[in-house]
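The block underneath contains the structure these notes are about, expressed in structure tokens.
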């Protein structure tokens, strides 16, 4: 799908409109806004081309892909500190398996991002990225099958680049590349004699290379000439207790300095060791007051060490700062903090010859990658810049319709948002309207005949020991788009159990009121609200014992009564070795919320059922749910009719309609429409149909979208026999950044009728 490219993106969070070309009737529910990308980071590494910088990293859990293997990205940073690729340059891989030990080096005319890839015949590989951000290798180059990259195992002098890595048999190997990343020598063993295994780091002084290797109690220093040929190899006279773990290695253009970690008394201790141009061991120094080291660069006659300081061992508070070290490895002055805060992780430094760029992570709900230019003389840092951003992630959309337009509500990390769209999918509210704080349950929306009513469970402080989750409602005008209840009206202050995060809130429209229902962990509570959101009396529909809870819920109105359905999650199955004993129950309620069934209706009791949904044709009901099949390890979508008198129809435990998770069900005036999504490396969102009467048949479904995640979905009836589908998928277009976004599919799906 082609979309307009955003010409410029501010380094701060921003909102931008995107023109969207029509493809199969798909429309976004909002224009993109940007934030620090979700997920977690590893192997952050930076290099310079002598002017600008390139930062690359491994990104985990950016979205809910059913194949959650990490992805890799890179971003350029100018010499003035401006992030040039805030949405990242996606780095391709050969397989979808795990990547590790990503490193960056400048070859002399382009950057090389190198890593090791698991799976198949993959091994040591890399791609080139030009200084203008062009990906020069759409398919990665495989340098060695089965090889494993090392942290700090790559260095270049602008003409030759040398990679040290673990070969398939575990031996340390060398590869030499030219300026275009072509192999000119190797693979060859690092050591013709002596230890051939272990770990190693490499650095260049501009006219040669030094490899430091550790293998058990043996330390070896190997020098290479400018072509990558081995010149000398010796074992410095060091006992294992004097050595420790190699953390960083760099050069001042002549000799080298290594930073080493060793533990004593349960504390981290660091020292620096000076090596001559030929690998000879020279001075050694202790570096005081360091908790952790992860960056080393030379600039203006001295080295800068990036380090993390934690005054109290085990505490999260602390600072990220620098130590200055002379060219002989001697500490000069004390520790200088540059960033303070909780959950900091020190990462990497890179020098372009005139300035130093530092990167670090601020850890929280998701990792935030930041960077700043550092003045080598004053050890002061510029204002930090966000290096890694993406469009806001949109999840769990729900959709409703008025006579004027349709509206979608969805959840983001920063809050619940809603947006109105015309019936042909044109945006009326741009980025969307923030309704309230991020919801711990899927947000819901219905139309009460005058306004859209939006419900959510505010996630006020999820870190509190006993967090409060107020259930809130707000009205949104369909015509003006004005939020009539900013921040929402609290209906109930709810202490919610940790197991309840998903479909534990339900809204349904009646004749003169809106039903609001929620799971209170061990009870199911319902109320009705009027047009002013004034609540009626609470009514408890069901209660479970102390060894169970009520999970996902749903509700439907047939014109004279409500049907509530819910997960009844118990632990009695433990004794009978059921892995997840969940059954689906239901109960009817009068318009005044009088319970019409003295005992719950047993919809299904196969003990591995979840996420029920329900709709009515104006008389009876159809309940659908997801069922986990223990022997096959797969999910199936089941459905069962419930008559208007509350009697469940045969067969017991329902009929299997397809493979996947049940997402949404509606009555469109002619038939029931059911949306479900498969759970595969590539998932498919389907819509299938169920007749109003007669036996439920498994009919051929219509595929709506294929995606790497299991899409969320909500169906909206727009006219008899036609629906609009609101759904999520991972959007890799340049203006979105590989995150889940919400879309609607218009024009309305044209479909055949179900067998009646």
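Give the residue that is nearest to residue 623 (Cα to Cα), with candidates limited to residues of region 513-558 that are in a loop (DSSP other than H, G, I, E, B) and in contact (Cβ under 8 Å) with a residue 60 or more places away in the chain.
Filtering first and then ranking leaves 558.
Keeping to region 72-101, report how many residues are closer than 13 Å to residue 59 by Cβ and in contact (Cβ under 8 Å) with a residue 60 or more places away in the chain.
5
Could you pull out the residue among 695, 713 that is more than 29 Å from residue 75 (Cβ to Cβ) and crowded, with 23+ Cβ neighbours inside 10 Å?
Selected residue: 713, the only one of 695, 713 that is more than 29 Å from residue 75 (Cβ to Cβ) and crowded, with 23+ Cβ neighbours inside 10 Å.
Can you find a residue in region 6-21 that is modelled with pLDDT of 60 or more, touching a strand residue (DSSP E or B) at 6+ places or on another chain (Cβ under 8 Å) and surrounded by fewer than 17 Cβ atoms within 10 Å (Cβ to Cβ)?
No: zero hits.
Might you let me know whether region 628-640 holds any residue that is modelled with pLDDT of 95 or more, under 14 Å from residue 601 (Cα atoms) and in a strand (DSSP E or B)?
Scanning region 628-640, I find at least one residue that is modelled with pLDDT of 95 or more, under 14 Å from residue 601 (Cα atoms) and in a strand (DSSP E or B), so the answer is yes.
Can you name the residue in region 559-583 that is in a strand (DSSP E or B) and modelled with pLDDT under 95 and, of all such residues, is surrounded by the fewest Cβ atoms within 10 Å (Cβ to Cβ)?
So the residue we want is 570.
Kindly indicate the residue of region 123-157 that is in a loop (DSSP other than H, G, I, E, B) and touching a strand residue (DSSP E or B) at 6+ places or on another chain (Cβ under 7 Å) and also nearest to residue 252 (Cα to Cα) among those meeting that condition.
So the residue we want is 157.
Out of the residues in region 161-170 meeting the condition of being in contact with a strand residue (DSSP E or B) (Cβ under 6 Å, 6 or more places away or on another chain) and free of Cβ contacts under 8 Å to residues at least 60 places away in the same chain, tell me which one is surrounded by the fewest Cβ atoms within 10 Å (Cβ to Cβ).
Looking at the filtered set, the residue picked out is 167.
Please specify each residue of region 598-609 satisfying the condition of being outside any strand (DSSP E or B) and either modelled with pLDDT of 95 or more or within 15 Å of residue 555 (Cα to Cα) (or both).
The answer is 600, and nothing else.
Would you confirm whether or not region 387-394 contains a residue that is touching a residue at least 40 places away in the same chain (Cβ under 8 Å), out of contact with any helix residue (DSSP H, G or I) (no Cβ under 9 Å at 6 or more places or on another chain) and surrounded by fewer than 18 Cβ atoms within 10 Å (Cβ to Cβ)?
No, the conditions are met nowhere in region 387-394.
Results for (1) under 23 Å from the mean Cα position of the chain (by Cα); (2) at pLDDT 95 or above, shown as yes or no for each residue.
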| site | (1), (2) |
| --- | --- |
| 411 | yes, yes |
| 420 | no, yes |
| 437 | yes, no |
| 454 | no, yes |
| 459 | yes, no |
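So, in region 84-109, exactly how many residues are farther than 28 Å from residue 394 by Cβ and modelled with pLDDT of 85 or more?
8
If I ask for residues that are part of a loop (DSSP other than H, G, I, E, B) and at pLDDT below 90, which ones from region 219-259 would you list?
235, 236, 237, 238, 239, 244
Which one is surrounded by the fewest Cβ atoms within 10 Å (Cβ to Cβ) among residues in region 627-652 that are touching a residue at least 40 places away in the same chain (Cβ under 8 Å) and within 15 Å of residue 680 (Cα to Cα)?
The selected residue is 634.
Which of the residues spanning region 176-204 are in a loop (DSSP other than H, G, I, E, B) and at pLDDT below 95?
Once the filter is applied, which keeps residues that are in a loop (DSSP other than H, G, I, E, B) and at pLDDT below 95, region 176-204 yields 190, 191, 192, 193, 194, 195, 196, 197, 198.
Of these, 471, 514, which one is buried (at least 16 other Cβ atoms within 10 Å of the Cβ), touching a strand residue (DSSP E or B) at 6+ places or on another chain (Cβ under 9 Å) and modelled with pLDDT of 95 or more?
The conditions single out 514.
State which residue is modelled with the highest pLDDT when the search covers only region 110-124 and only residues that are surrounded by 15 or more Cβ atoms within 10 Å (Cβ to Cβ), farther than 25 Å from residue 226 by Cβ and over 24 Å from the mean Cα position of the chain (by Cα).
Only one residue tops the list, namely 123.
Quick test of your reading of the structure: residue 264 fulfils all but one of (1) at pLDDT below 90; (2) closer than 25 Å to residue 125 by Cα; (3) surrounded by fewer than 17 Cβ atoms within 10 Å (Cβ to Cβ). Name the failing condition by number.
(2)
Hey, among 50, 81, which residue is modelled with pLDDT of 90 or more, surrounded by fewer than 16 Cβ atoms within 10 Å (Cβ to Cβ) and outside any strand (DSSP E or B)?
None of the others qualify; the one that does is 50.
Scanning for something more than 12 Å from residue 677 (Cβ to Cβ), within 19 Å of the chain's Cα centre (by Cα) and modelled with pLDDT of 85 or more, does region 717-730 turn up at least one residue?
yes
The values are calculated or read from the model by the stated rules, or taken from the named source; none is laboratory data. The structure displayed is predicted, hence computed values, not measured ones. Note that we place each Cβ from the backbone using ideal geometry, even for glycine, and neighbour counts take in every protein chain shown.
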